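Taking it in order: structure first as structure tokens, then the write-up.
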Amino acid sequence: MKINGLTYLIVGIFVIITSLILDKFIVFIFVGFIFCIMGVIRLFTETKIDEELVKELKREDKFIETHGKDPSKFIKCKFCKAYNYPDAQFCHFCGRRIN
């Protein structure tokens, strides 16, 4: 299970605020900042992954529309899930051997 970037951000803010209220836990301010930084990084990378997934799905749909509507005529790569011609030995997208 992946933890959402927003969760890291909220936990980081909570730890920072709690550390500031309780003077004994000043060291945890740095831990809170680390969680906040990780949350921001994860928020940006999650968005990038979603955009790449949408782009890949559009590419596959275009391939099927161009070469025929029936996906059963094609071989699906077990690594990247791209559709390939039945006589292809290598995937046209990731380059790995199909058979």
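The values are calculated or read from the model by the stated rules, or taken from the named source; none is laboratory data. Owing to the predicted nature of the structure, the values given are computational and were not obtained by experimental measurement. Cβ atoms come from the backbone with ideal geometry, glycine included; neighbour counts cover every protein chain shown.
Among residues of the stretch 76-99 that are not assigned by TED's automatic domain parsing to the domain that holds K55, those with a beta-carbon under 7 Å from a residue that is of a type in the set (D, E) at least six positions away or on a different chain give the pairs A82/E60; Y83/E60.
Look at the stretch 1-27 and say how many of its residues are surrounded by fewer than 12 Cβ atoms within 10 Å (Cβ to Cβ) and assigned to a helix (DSSP H, G or I).
3
Only residues that are at pLDDT below 80 and either of a type in the set (D, E, K, R) or surrounded by 14 or more Cβ atoms within 10 Å (Cβ to Cβ) (or both) were counted across the stretch 34-48, and they come to 2.
In the set I21, I17, which member is β-branched (V, I, T) and at pLDDT 90 or above? Among I21, I17, only I17 is β-branched (V, I, T) and at pLDDT 90 or above. Annotation note: Cβ proximity below 8 Å between a residue of the stretch 1-30 that is within 24 Å of R42 (Cβ to Cβ) and a residue that is surrounded by fewer than 14 Cβ atoms within 10 Å (Cβ to Cβ) and hydroxyl-bearing (S, T, Y) (sequence gap 6+ or interchain) occurs for G5/T45; F28/T18.
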